[in-house]
Amino acid sequence: MTDDKTLVECCLNDNPRAHTIFYKRYSDRLYPLCLKFAKNHADADDFLQEGFLRVFANLKYYGFKGSLDGWTYKTFLRAVINYYFKQKKFKNEVGFPLDGCFQQYCEDCLSVITSKELMRLVNNLPDGYKKVFILNTMEGYTHKEIGRILKISDNTSKSQLARARNSLQKAIRQQRMEELRHYPEYHSA
């Protein structure tokens, strides 16, 4: 049961062994994605479960047109993103690593803002801006791919990313101005 077609067909026939094989094949690759959205390993486990539930529920739509790996990743990512935004307890906390994701847009901002501050600002973005920002800058998706994932046009994705960047840059500037007001040197200049 190693070829994709047989594995998918057995999963569609509710074969528990096939589900286990499918899970074992992809769980190690998808768990790091869950950790990006979760604040701890227990929450990441919840994201992993939710993602696989969605993948198994939608497997009938796979159609063998592209790679099973690619289809599984995109379906899983959509499920995790939807689950993430449904969880209100994550509203003010997020565990995204910054490893270069924001540098291309705001090199100078990174020198004056911590990752914790940046993630707080990202969390305060409207949901649409936040989703596009995460998919583009943190996951590397193109606007066309984002459009398909979120069911929006390419242009909507582009404009929401631009608005997200502008909002973040404005928030960073405002935050820095507030901090400067606390220094006596600022008032005497």
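The values are calculated or read from the model by the stated rules, or taken from the named source; none is laboratory data. Because the structure is predicted, anything quoted here is derived from the model rather than measured. Quick reminder, even Gly has a Cβ in these numbers, built from the backbone with ideal geometry, and neighbours come from all protein chains shown.
Within segment 15-38, which residues are more than 21 Å from Gly140 (Cα to Cα) and crowded, with 18+ Cβ neighbours inside 10 Å?
Residues of segment 15-38 more than 21 Å from Gly140 (Cα to Cα): 15-25.
Passing the criteria: Ala18, Phe22.
Is it true that Tyr84 is hydroxyl-bearing (Ser, Thr, Tyr) and at pLDDT below 85?
Working: hydroxyl-bearing (Ser, Thr, Tyr): yes; at pLDDT below 85: yes.
Yes: the conditions hold for Tyr84.
Can you say whether Lys36 is basic (Lys, Arg) and in contact (Cβ under 8 Å) with a residue 60 or more places away in the chain, as far as the supplied structure shows?
Numbers: basic (Lys, Arg): yes; in contact (Cβ under 8 Å) with a residue 60 or more places away in the chain: yes.
Criteria met by Lys36.
For segment 136-150, what are the residues that are surrounded by fewer than 22 Cβ atoms within 10 Å (Cβ to Cβ), closer than 11 Å to Arg78 by Cα and among the aliphatic types (A, V, I, L, M)?
Scanning segment 136-150 gives Ile149, Leu150.
With the structure loaded, tell me whether Leu68 is within 24 Å of Lys131 (Cβ to Cβ) and under 22 Å from the mean Cα position of the chain (by Cα) or whether it fails that test. Explain how you work it out, then say what you get.
Working: within 24 Å of Lys131 (Cβ to Cβ): no; under 22 Å from the mean Cα position of the chain (by Cα): yes.
It is false that Leu68 is within 24 Å of Lys131 (Cβ to Cβ) and under 22 Å from the mean Cα position of the chain (by Cα).
Let's see how each residue does on (1) surrounded by fewer than 17 Cβ atoms within 10 Å (Cβ to Cβ); (2) modelled with pLDDT under 50; (3) touching a Gly at 6+ places or on another chain (Cβ under 6 Å):
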| residue | (1), (2), (3) |
| --- | --- |
| Trp71 | no, no, no |
| Lys74 | yes, no, no |
| Glu93 | yes, yes, no |
| Lys116 | yes, no, no |
| Val132 | no, no, no |
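Just checking, how many residues over segment 150-167 are within 19 Å of Val122 (Cα to Cα) and of a type outside the set (A, V, I, L, M)?
Filtering segment 150-167 for residues within 19 Å of Val122 (Cα to Cα) gives 150, 156-167.
Of the ones still in play, those that are also of a type outside the set (A, V, I, L, M) are 156-160, 163, 165-167.
Number satisfying all stated conditions: 9.
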